[in-house]
1. Mind jotting down the three principal axis lengths of segment 59-206 based on Cα atoms? Whole angstrom, largest first.
2. Suppose the chain between residue 21 and residue 87 were pulled fully straight at 0.36 nm per residue; how much longer would it get relative to their current alpha carbon spacing?
3. At a Förster distance of 30 Å, what's the computed FRET efficiency of residue 4 paired with residue 75, Cβ-Cβ distance as r, to 0.05?
4. Tell me the per residue accessible area of the chain using a 1.4 Å probe; a whole number in Å² is fine.
5. Normalised by the residues of the chain, what does the relative contact order come to in percent, with Cα pairs under 8 Å and at least six apart?
6. So, with a 1.4 angstrom probe, what is the percent of accessible area on the chain that is carbon and sulfur?
7. Report, as a whole number in µm² per second, the diffusion coefficient that Stokes-Einstein gives for segment 1-124 at 25 °C and 0.890 mPa s using the Kirkwood radius over alpha carbon pairs.
8. Tell me the relative contact order for segment 1-105 as a rounded percent, counting alpha carbon contacts under 8 Å between residues six or more apart.
Amino acid sequence: MTELSLAQRAARRAVDARVRTSEQDVRRLLDVGLELMTAGGTDAPPRIADIVKAAGLSNQAFYRYFASKEDLVAAIVDDGERRLVAYVQRQVEAAPADECLRVFVESVTSQASDPSIAAATRAVLWNASRSLDATGARSRQLHELLAALLVEPLRERGSTDPERDAAVITGAVTSAMLDALSNNRPPSAADVEHLLAFCRAGLART
């Protein structure tokens, strides 16, 4: 492999520095956008001018990364989905095999139980419903990513069709979470236990 020349190394460093700066700018816009959405709740969507000002960036910088506020909202939704899936995955992978289903149900529904998380999630979903044509597609993507986390645990439990079982359970659990968020009614411990018992009863019939 030919070693890079000094000029090529200098150019590589400059590119790497620009990439790092861009990543930091985008992260700042995502974080500030989420903060302002949460503060506005379901009453007032944040303006680009407010987001840019709070992020300490310029309009030019914003439009360098996002074509519109809708693009930023889409990125915030995607970022939130990835964080949720990563969180649930960590919880499920750390749980004993016989507790994976309980951990899955509790981890997903906790998005509506924890007041700070629920407020942020509710605000993002409201902004997404106002701004995105692809909300349904994003919901399907989240459903598929979460369901994939259950396939192997269900297979180990003896499910004869773990993919379908995982899809049905995920649908029930995410619907319960979204219903609790939309009604601003955190699920109680009894609600979570009932949902878990429902999922287990369904598996017992397969």
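The values are calculated or read from the model by the stated rules, or taken from the named source; none is laboratory data. Predicted model only: the values in this text are computed from it and were never measured. So basically every Cβ, Gly included, is an ideal-geometry build from the backbone, and we count neighbours across all protein chains shown. Surface areas here come from the heavy atoms of the whole protein model, side chains and all, with no ligands, DNA or RNA. Shrake-Rupley method; radii C 1.70, N 1.55, O 1.52, S 1.80 Å.
1. 56, 28, 26
2. Computed gain between residue 21 and residue 87 is 21.1 nm.
3. Numbers: r = 33 Å, r/R0 = 1.11.
For R0 = 30 Å, the calculated efficiency reads 0.35.
4. With all protein chains present, the chain gives 58 Å² per residue.
5. Once normalised by length, the contact order is 21 percent.
6. It is 53 percent, rounded to a whole number.
7. Diffusion coefficient, whole number: 143 µm²/s.
8. It comes to 19 percent, rounded to a whole number.
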